[in-house]
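The values are calculated or read from the model by the stated rules, or taken from the named source; none is laboratory data. What you see is a predicted model; the values in this text were computed from it and never measured. A quick note on method: Cβ atoms are made from the backbone with ideal geometry, for glycine too, and the neighbour counts reach across all protein chains shown. These accessible areas exclude ligands, DNA and RNA; they are computed on the full protein's heavy atoms, side chains included. Shrake-Rupley method; radii C 1.70, N 1.55, O 1.52, S 1.80 Å.
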Amino acid sequence: MVSMPRTMTVASTTAAKPSALGLRAIKLLVGVPDACLEDLAQECRWRRVLAGQRVISRDAQDHDVYLIVG
């Protein structure tokens, strides 16, 4: 894990079209039926970020769950 300087800002993102394709690649979700993954994909806020951009911050006030799909 690489520590990023606190002066870097959280990633400026662009929305991506919801799809279960990325979720299928996550080992934690192996065995989840496709229909459930499709439903979950619709509930997610999908974002594209550039390599090296901070996605989450230790100091963030949210309680969100982040699934990083590469």
**OP:** Answer yes or no as to whether K27 is surrounded by fewer than 10 Cβ atoms within 10 Å (Cβ to Cβ) and at pLDDT below 85.
**Re:** no
**OP:** State all residues of the range 45-55 that are part of a loop (DSSP other than H, G, I, E, B) and either without any contact (Cβ under 8 Å) to a residue 12 or more places away in the chain or open to solvent by 90 Å² or more (accessible area, probe 1.4 Å) (or both); if no residue qualifies, say none.
**Re:** R45, L50, A51, G52
Subject >> Unmet criterion (only one of (1) of a type in the set (S, T, N, Q); (2) modelled with pLDDT under 85; (3) not in a loop (DSSP other than H, G, I, E, B)) for Q42 >> reply: (2)
